[in-house]
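Visitor: This is the structure I want to talk about, given as structure tokens.
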Ligand SMILES: Nc1ncnc2c1ncn2[C@@H]1O[C@H](COP(=O)(O)OP(=O)(O)O)[C@@H](O)[C@H]1O
Ligand SMILES: [Mg+2]
């Protein structure tokens, strides 16, 4: 029996109901094709259209989670799969739930002595001038639990704060987080099992934090190898793996971080179910160490677990 056949019937969970449905469908299609090309008996499964109980009824032996956002990346799906007893890829219930929540992730990192930008949780009756004095300008306002730069604003003047707060808090019924602006280079560290893959440097066009351009535009540059010296990169890998584990994450995922002008690292967030299209960042980092996209999908699937 080939290794691929040993996985049994595999469901690639894709789509779902979150704001990131579109991206998830792209990830899922890529993963599905890759697994099938390796001889895995893989099938698409969209939890927005199907009852999860079908996984058991139809004899699925494991799941590849290619869902992003709420109801796929936030621990709820992971809890359902635990109850069904179907092994799944990536982080478990707690790591997924905390990772989805930027505020609680930051609290854990701070408690563990790891660096993350100073922040405040905003409320509608805040004194905006005081917030600006406290964190400095510019600052970043973002929802505490929605991915993909939905609702994120770089605020350059106090007068912009109320609108930024409304966008982050009201549009997505969320807590709004104001964060100290880190003026520096942006990186992402991909975790695969116990390994951190080469870091990727992300260069967005000046001041561009827009969802459409981040995912569908081609003006953002992704640079790997990232250009840091080996020692610096190694230390950021150690930091990223610590940050990943402290939040309770497992299997695979991505840590977004920045380096300020002095070279100090600042952890931004953890992504427990990052994009998995052929052009996504984890596949790019894997390629840099000779792991092809198809093999990466199989490696992630190998890590599927329950409990
Ligand atoms: N404190 C910050 N300082 C500077 N840039 C930031 C800060 N927070 C976020 N950004 C920028 O916004 C992007 C999205 O923020 P992030 O926290 O990673 O949320 P998400 O990727 O879930 O939308 C980052 O990749 C970075 O370019
Ligand atoms: Mg991010």
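Rule-based calculations on the coordinates, nothing more; no lab input. Note that the structure is a prediction, hence the values are computed from the model and not measured. Cβ placement follows ideal geometry from the backbone for every residue including glycine, while neighbour counts extend to all protein chains displayed.
Visitor: So what is the 222 nm mean residue ellipticity for the chain from helices alone, if each DSSP H run of at least 4 adds -39500 (n - 2.57) and you divide by all residues, rounding to the nearest 500 deg cm²/dmol?
Guide: Working: 11 runs with 104 residues, N = 307.
Roughly -9500 deg cm²/dmol at 222 nm, from the helical runs in the chain.
Visitor: Using Cβ counts within 10 Å as a stand-in for footprinting exposure, how do 222, 187, 165 rank, fewest first?
Guide: Details: 222 15, 187 24, 165 21.
Ordered by Cβ neighbours within 10 Å, fewest first: 222, 165, 187.
Visitor: Now a separate question. Relative contact order (percent) for the range 5-90, with alpha-carbon contacts under 8 angstrom and 6 or more residues of separation?
Guide: Working: 150 pairs, mean separation 33.8, N = 86.
In percent, rounded to a whole number, it is 39.
Visitor: Rounded to the nearest 10 degrees, what's the angle between the helix 230-246 long axis and the longest principal axis of the chain, both from Cα atoms, 0 to 90?
Guide: The angle comes out near 80 degrees.
Visitor: Please report the equivalent ellipsoid semi-axes of the range 102-162, computed as sqrt(5 x eigenvalue) of the Cα gyration tensor, largest first, in whole Å. Let's see the in-between values first.
Guide: On the way: eigenvalues 86, 41, 22 Å².
Listed largest to smallest, the semi-axes of the range 102-162 are 21, 14, 11 Å.
Visitor: Let me ask something additional. Quick check: the distance between the Cα centres of the range 162-201 and the range 72-131, to the nearest angstrom?
Guide: Comparing the Cα centres of the range 162-201 and the range 72-131, I get a distance of 12 Å.
Visitor: For the Cα atoms of the chain, what angle does the longest principal axis make with the long axis of helix 21-37, in degrees from 0 to 90, nearest 10?
Guide: 40 degrees
Visitor: On each of the three principal axes of the Cα atoms of the range 47-146, give max minus min coordinate, whole Å, ordered largest first.
Guide: 58, 31, 18
Visitor: Pairs of Cα atoms under 8 Å, at least six residues apart: use those to get the relative contact order of the chain, whole percent.
Guide: Contact order relative to length: 21 percent.
Visitor: Mind ordering 191-197, 232-238 by average Cβ neighbours within 10 Å, highest first? Walk me through the numbers on the way to the answer.
Guide: Numbers: 191-197: 17.9, 232-238: 15.7.
Answer by packing, highest mean first, reads 191-197, 232-238.
Visitor: Under 8 Å for C-alpha pairs, at least 6 residues apart: give me the relative contact order for the range 1-145, rounded to a whole percent. Please report the intermediate quantities before stating the final value.
Guide: Working: 195 pairs, mean separation 31.2, N = 145.
Relative contact order of the range 1-145: 22 percent.
Visitor: Right, another one. Given N residues in the chain, what is its alpha carbon radius of gyration divided by 2.2 N^0.38 Å? Write out the running numbers ahead of the final one.
Guide: Working: Rg = 19.3 Å, N = 307, 2.2 N^0.38 = 19.4 Å.
Compactness ratio reported: 1.00.
Visitor: Starting with the highest mean, order 271-277, 13-19 by the number of other Cβ atoms within 10 Å, averaged over the residues of each peptide.
Guide: Numbers: 271-277: 25.4, 13-19: 22.3.
Descending mean neighbour count gives 271-277, 13-19.
Visitor: I've got another one for you. Reported to two decimal places, what Rg/Rh ratio describes the range 5-90 when computed on Cα atoms with Rh from the Kirkwood expression?
Guide: Over the Cα atoms of the range 5-90, Rg/Rh equals 0.93.
Visitor: In degrees from 0 to 90, rounded to the nearest 10, what is the angle of the helix 293-302 Cα long axis to the longest principal axis of the chain?
Guide: 80 degrees
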